4 protein chains.
Amino acid sequence: MVSVSILNVTSYTGLELLRLLANHPHFRVTSVTGRSAAGQRLGQVFPQLYALAGGACQEEARHLAELEIMEEPEATELAFVCLPHAAAAEAVQALLQRGTRVVDLSADFRLRNPSLYQEWYKHTHPAPALLEQAVYGLCERYRERIRTTALVANPGCYATAIILALLPALSAGLVSRDLIVDAKSGVSGAGRGLRLDTHYAEANEDLSAYSLGGHRHWPEIVQELETAARAAGQTYESGLRLTFVPHLTPMTRGILATCYAELQPDGSGRLPTSSQVQALYRDYYAGEPFVHVVDQPPHTKWTYGSNHCLLYATVDERSGRLLVLSCLDNLVKGASGQALQNANCMFGFDERCGLQGGAIYP
Amino acid sequence: MVSVSILNVTSYTGLELLRLLANHPHFRVTSVTGRSAAGQRLGQVFPQLYALAGGACQEEARHLAELEIMEEPEATELAFVCLPHAAAAEAVQALLQRGTRVVDLSADFRLRNPSLYQEWYKHTHPAPALLEQAVYGLCERYRERIRTTALVANPGCYATAIILALLPALSAGLVSRDLIVDAKSGVSGAGRGLRLDTHYAEANEDLSAYSLGGHRHWPEIVQELETAARAAGQTYESGLRLTFVPHLTPMTRGILATCYAELQPDGSGRLPTSSQVQALYRDYYAGEPFVHVVDQPPHTKWTYGSNHCLLYATVDERSGRLLVLSCLDNLVKGASGQALQNANCMFGFDERCGLQGGAIYP
Amino acid sequence: MVSVSILNVTSYTGLELLRLLANHPHFRVTSVTGRSAAGQRLGQVFPQLYALAGGACQEEARHLAELEIMEEPEATELAFVCLPHAAAAEAVQALLQRGTRVVDLSADFRLRNPSLYQEWYKHTHPAPALLEQAVYGLCERYRERIRTTALVANPGCYATAIILALLPALSAGLVSRDLIVDAKSGVSGAGRGLRLDTHYAEANEDLSAYSLGGHRHWPEIVQELETAARAAGQTYESGLRLTFVPHLTPMTRGILATCYAELQPDGSGRLPTSSQVQALYRDYYAGEPFVHVVDQPPHTKWTYGSNHCLLYATVDERSGRLLVLSCLDNLVKGASGQALQNANCMFGFDERCGLQGGAIYP
Amino acid sequence: MVSVSILNVTSYTGLELLRLLANHPHFRVTSVTGRSAAGQRLGQVFPQLYALAGGACQEEARHLAELEIMEEPEATELAFVCLPHAAAAEAVQALLQRGTRVVDLSADFRLRNPSLYQEWYKHTHPAPALLEQAVYGLCERYRERIRTTALVANPGCYATAIILALLPALSAGLVSRDLIVDAKSGVSGAGRGLRLDTHYAEANEDLSAYSLGGHRHWPEIVQELETAARAAGQTYESGLRLTFVPHLTPMTRGILATCYAELQPDGSGRLPTSSQVQALYRDYYAGEPFVHVVDQPPHTKWTYGSNHCLLYATVDERSGRLLVLSCLDNLVKGASGQALQNANCMFGFDERCGLQGGAIYP
């Protein structure tokens, strides 16, 4: 068993990692940290842990429930870092120095350009020297590099949904640089911290747009889409012109990104058809265990609790625009599930280990 | 008191009319129909009616609760028609013939072009001769004509939110013909009929896009926006190029339309700023009792149960696009409240009569 | 117009008072306090206020939105105190001294016995001398005394639902002293403060019992039920034996109290029938504007946003027990609506003023 | 692999069985029926199936998605019957005749007394001869008999929660015959059929009691509790006096049963303490894989998607009554999970096979 630590386990991403790792055949959580809850046992902070798992793993569930939350992690072979940005980078640096491989769920190592980090996170990057070795943790793009790296920067939840939605179109030069993404997220995406806008009475029966001045996943999305397009030989010379508006939705889990793009006519001036677009998408993700091109508009609920991302691509006949719908569970494929997929990849395990559960529906 | 009938009172829009009319100083409901519930009293079908109103109106509440639901309406001065399309047109024809003025909440008289009706509703228009006299019931646009007409075509819920959002920009020639509207609605917008997709267990914790092949509010939105632009001297020569994607959201009431448009540079090649756009919007709706330009992204919940539409307009600095957010309660300003506003206008009452209640928050 | 102040207006009960008072014909809010938001205008803290009211009251809505939140209230004829317990008593004392009449929404003046207060609230009562003059603000019981008092202690939300449910049975000696009340509340009952258990992601799709060691509304319920029974000549010699278990329910508003009691046989050893019980309940509340005995199990949603309490009483044939179901909106009849009903009563207005709105359904 | 059929797979319990069986090491679904959807593939009816499982089971997921729904089941070793009562009994008879072992999720074989069945289900029992061999499928009670039977009657969802909650107290003679159970269920418990009361707009933000005249799980609960008490040597001579009131709660999954009972004093006239009660409960369920006695009031959400039942027992100090709280997921331990637990038991597999997943939280 590979020993694993989770830093800031009291976050929702930390808790979700516990759920996913409880039945993992090769990883074993042996150290957890969480400053505010230090000294308590995991089962005190998350009473539901006592019922986390039956089956062969019941002893494992008991083991987890009785783990003591520490201020600092013990030495392990792998660490999942669920700390807020900046704090994460500091912790990652220390972990790498002692030889621990790291999946960092914060934003600290996602942007390759530290000045972009400074612009968006209002903070000098704490460990710019590590940016070189960090790999953006989208297995669908960087599987090979993830296998050998010591540091994976796990993508943002919106970024995952949107990048997966637009990669095929941009890599094929199917669309122009003009992109609009209207994304909707459940409330767990805002984290476990206490804020008025996540108070039940405020968030229930409510819908609103936020971060109109610029959401922090914007540069990450643009970086990855431009890189992929370039790698595929597509030139978006002045860069992508992306408008990205996130919305808060009254549900616990789930992201739906509705993506609008201008189709480019082919050599003979014709626009691609819906079925051509769908075929292109199916080809692009053929063989991927967690990305599925479906044949009708997907529902977020079809991914509830699972690591799957569902895509639907079609052409709006009336306007000739490309529409791509992308659904996932923000805490699984959008965070902890993808982190585990990355870890599986880093340690040479089947990417699907521990991620077999289907969506809970209804 | 003006006598009022409600046809198909057992719909959500019928029920909402009852709520709004219970305290109205000038209208009195004296006849209600509803084929499936004919013979029952209103209070049997809607037990909550017995508690509809205290105050000076308690007798009125009792009166409503004890009204018998009939198959056909009795003679009244005003009728609200909440029937499905096609059935509505038949009923409207009969009502007008006997001299009743009508607010029709169906789609039957919204499109001025009967062949467009046939295309979108798959049905030959049952009463094309009446189209001439029907006025599209958006007081903010057609107040003068509504005052004197015998037939108001009450706008669709999405259409109301979207037209109000884009009228100022299109009338001022602020944007190009390229429009994208990503709209989200609560489940009551789907009506009171039984369908699997409005089953609680299916709709709860779920989000999805629908009607990607074309939602029926599309032609109504385009008709009204093009008419208004033309009236304001703006030429959108090849017509508007609108992509409109509606989404079903896990909440009972509320619509949020997120509208994206390409700003046009002015004579000197400059794009308008956010504050210029906001000033333009404020001017456009100055004096309107139910349309408010707010200074931060509005929440649907700020309109829960009220007849207000809240607008927020801003420029996305990164892309130079115009963003307009529009919120309303689909059953009030999006349906029955607007119907009452129209009726007030038709009968020369203050448009705000019976619509004084603010949003219920939280 | 009677001038009104609201202390701690930034609470949900304060906000609900603003909604209800916006259309009131005789009360006008002229002063609001809220320590954390002092210096801001009401419309900044509650942006939805700008859309609070159309109709004749639009100027009033604007007036409210622009009121400045102060640290201390200005002199008014009436004050609604929405402060937490203990802080409330201090404020009430000062208000009464300057001649302001007060409706206190806290628990400070509900218990007539200050040592009981100390036991349940872990705090020496800050103003025991005022207990004598305080009237428990249940108009259905104390209407006459409320008319002339300067200090009303507004009942707790659970207490209102439960006392109204059991008054008729206990006053008639219909049941024994053995009472079990299983009560369920929406999340707004927990207030606007930030707590992990009201975080949307925790409270959504969740149901749990709480305060099993004793909820603070217990002594208030027992006090009022025993007093009423005694006044009606019923002797419950060893006092009531009440088990009261509250539950947190995933909805914003609403309380449903399910009350179980042991029916007492009459002189000839027969138990009362359901129809006898229902007749007794109807008689008891005949003429009450806000308490309604309905003929089927009521839904909390039938009271959403209204000041009504709906009761249903029946006999469980299998066990011979009495069941009483009681529904209300915890923020209206359970708090601010009842506070306004009390204020109307204190100032000689119709109790129903400002409370005409029916439930919003669906 | 044991071949498995699911009858009426288009129900929620059928769908949940598919989810649970997708990763099962020993069972393989080879035949599914569903009259209304006959001729379609499973993946057409449940598009989320295409994303049901990654991991080693992806082929299995594909296999499931492509299964054709038939009118009649093919021959299998095991069948799960998800048909409505009466139809279920007919199908079970045919299955048993051809040698298929059956877990019946309907109510048809739960009541040992066919006249009780007639009284509660208004229907002559279609196969009374089979009642003898049917075993009530509560492994915690009948594990030994389930191992060898050909017919398991899977308990009702409420019945499971309530029987598990009260078995220890009644078996120990801790309480009198006077029982009150206030139970709350999520909406999926009402099934996938279309009804107005499960329409999202009706059920959302609503809470109500129902079946006050008697819920059909009542006789099943009484039968099992009386049998268990008798077996443990406790005499409740006039039988149990149970009041059971179910409530519909605005959430998709979850049952919480709040149980109230009168403690019996021991020989020396003393009532048991909370810690004595808790110890008794812990002992009773020691070693059970799916019943857990927790040390604080459990939340339904701690069981979301898992097969666990969480119990909390305490003494209400003020009244001396016993309180037991019982939580489970109505579709898992309350239906399909328990059905699988029974099937595991029937075929000699570890009861926990396929039921390893923990609760999804938040």
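Let's see how each residue does on (1) open to solvent by 50 Å² or more (accessible area, probe 1.4 Å); (2) over 20 Å from D:Tyr304 (Cβ atoms):
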{"position": "A:Leu15", "(1), (2)": "no, no"}
{"position": "A:Leu49", "(1), (2)": "no, no"}
{"position": "A:Glu59", "(1), (2)": "yes, yes"}
{"position": "A:Leu67", "(1), (2)": "no, yes"}
{"position": "A:Glu72", "(1), (2)": "yes, yes"}
{"position": "A:Glu77", "(1), (2)": "yes, yes"}
{"position": "A:His85", "(1), (2)": "yes, yes"}
{"position": "A:Glu90", "(1), (2)": "yes, yes"}
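Can you spot a residue in the stretch D:161-181 that is facing another protein chain (nearest Cβ under 7 Å) and of a type outside the set (A, V, I, L, M, F, W, C)?
Checking the stretch D:161-181: not a single residue is facing another protein chain (nearest Cβ under 7 Å) and of a type outside the set (A, V, I, L, M, F, W, C).
Is it true that some residue in the stretch B:35-43 is under 30 Å from C:Cys353 (Cβ atoms), open to solvent by 10 Å² or more (accessible area, probe 1.4 Å) and within 14 Å of chain C (Cβ to nearest Cβ)?
yes
Hey, could you check the stretch D:233-253 for residues that are among the hydroxyl-bearing types (Ser, Thr, Tyr) and over 24 Å from the mean Cα position of the chain (by Cα) and say which is nearest to C:Ala203 (Cα to Cα)?
D:Tyr236
Could you count how many residues in the stretch A:144-174 are touching a strand residue (DSSP E or B) at 6+ places or on another chain (Cβ under 7 Å), in the same structural domain as A:Ala313 (by TED's automatic domain parsing) and surrounded by fewer than 24 Cβ atoms within 10 Å (Cβ to Cβ)?
Of the residues in the stretch A:144-174, 1 are touching a strand residue (DSSP E or B) at 6+ places or on another chain (Cβ under 7 Å), in the same structural domain as A:Ala313 (by TED's automatic domain parsing) and surrounded by fewer than 24 Cβ atoms within 10 Å (Cβ to Cβ).
Assess whether B:Arg141 counts as being surrounded by fewer than 23 Cβ atoms within 10 Å (Cβ to Cβ) and closer than 20 Å to B:Asn330 by Cα. Before you say what the answer is, go through the steps one by one.
Values: surrounded by fewer than 23 Cβ atoms within 10 Å (Cβ to Cβ): yes; closer than 20 Å to B:Asn330 by Cα: yes.
Spelling it out, B:Arg141 is indeed surrounded by fewer than 23 Cβ atoms within 10 Å (Cβ to Cβ) and closer than 20 Å to B:Asn330 by Cα.
Give the residue, chosen from D:Gly193, D:Gly186, that is over 25 Å from D:Arg112 (Cα atoms) and in contact with a Gly (Cβ under 6 Å, 6 or more places away or on another chain).
Residue meeting the stated conditions: D:Gly186.
Only one of B:Val222, B:Val135 is touching a Lys or Arg at 6+ places or on another chain (Cβ under 9 Å) and modelled with pLDDT of 95 or more; which?
Just one listed residue meets the conditions, B:Val135.
Just checking, does the stretch A:107-119 include any residue being more than 20 Å from A:Arg216 (Cα to Cα), modelled with pLDDT of 95 or more and surrounded by 18 or more Cβ atoms within 10 Å (Cβ to Cβ)?
First, the residues of the stretch A:107-119 that are more than 20 Å from A:Arg216 (Cα to Cα): none.
The answer is no, given that none of the residues of the stretch A:107-119 is more than 20 Å from A:Arg216 (Cα to Cα), modelled with pLDDT of 95 or more and surrounded by 18 or more Cβ atoms within 10 Å (Cβ to Cβ).
Any idea how many residues of the stretch B:242-271 are surrounded by fewer than 24 Cβ atoms within 10 Å (Cβ to Cβ) and part of a loop (DSSP other than H, G, I, E, B)?
Result for the stretch B:242-271: 8.
For the stretch B:272-309, which residues satisfy the criterion of being buried (at least 16 other Cβ atoms within 10 Å of the Cβ), outside any strand (DSSP E or B) and of a type in the set (A, V, I, L, M)?
B:Val277, B:Leu280, B:Val294
Which of the residues spanning the stretch D:254-268 are under 20 Å from the mean Cα position of the chain (by Cα) and facing chain C (nearest Cβ under 7 Å)? Walk me through it before giving the result.
So in the stretch D:254-268, the residues under 20 Å from the mean Cα position of the chain (by Cα) come out as D:254-259.
D:Gly254, D:Leu256, D:Thr258 - these are the residues of the stretch D:254-268 that are under 20 Å from the mean Cα position of the chain (by Cα) and facing chain C (nearest Cβ under 7 Å).
Go through the stretch C:336-357 and count every residue that is within 28 Å of B:Gly305 (Cα to Cα) and open to solvent by less than 10 Å² (accessible area, probe 1.4 Å).
Of the residues in that region, 11 qualify.
Here are the criteria: (1) assigned by TED's automatic domain parsing to the domain that holds C:Leu170; (2) buried (at least 24 other Cβ atoms within 10 Å of the Cβ); (3) of a type outside the set (A, V, I, L, M). Tell me which single one C:Glu317 does not satisfy.
C:Glu317 satisfies every listed condition except (2).
Restricting attention to the stretch D:2-9, does a residue exist that is in contact (Cβ under 8 Å) with a residue 12 or more places away in the chain, within 26 Å of D:Pro219 (Cα to Cα) and away from every other protein chain (no Cβ under 14 Å)?
Checked the stretch D:2-9: at least one residue is in contact (Cβ under 8 Å) with a residue 12 or more places away in the chain, within 26 Å of D:Pro219 (Cα to Cα) and away from every other protein chain (no Cβ under 14 Å).
Given the criterion without any contact (Cβ under 8 Å) to a residue 24 or more places away in the chain, more than 30 Å from B:Ala203 (Cα to Cα) and not in a loop (DSSP other than H, G, I, E, B), identify the matching residue among D:Arg230, D:Arg177.
One residue alone meets the criteria, D:Arg230.
Of the residues in the stretch C:209-230, how many are crowded, with 22+ Cβ neighbours inside 10 Å and within 30 Å of D:Asp329 (Cα to Cα)?
Result for the stretch C:209-230: 1.
What is the number of the single condition among (1) at the interface with another protein chain (Cβ under 7 Å from one of its Cβ atoms); (2) in contact with a Gly (Cβ under 8 Å, 6 or more places away or on another chain) that C:Tyr210 does not meet?
(2)
Please enumerate the residues belonging to the stretch A:303-348 that are more than 17 Å from A:Glu140 (Cβ to Cβ), facing another protein chain (nearest Cβ under 7 Å) and touching a Leu at 6+ places or on another chain (Cβ under 6 Å).
Selection gives A:Thr314, A:Asp316.
The values are calculated or read from the model by the stated rules, or taken from the named source; none is laboratory data. Fair warning: this is a prediction, and the values are worked out from it, not measured in the lab. As a convention, Cβ positions derive from the backbone with ideal geometry for all residues, glycine included, and neighbour counts pool all protein chains shown. Keep in mind that these areas ignore ligands, DNA and RNA; they rest on the heavy atoms of the full protein, side chains included. Shrake-Rupley method; radii C 1.70, N 1.55, O 1.52, S 1.80 Å.
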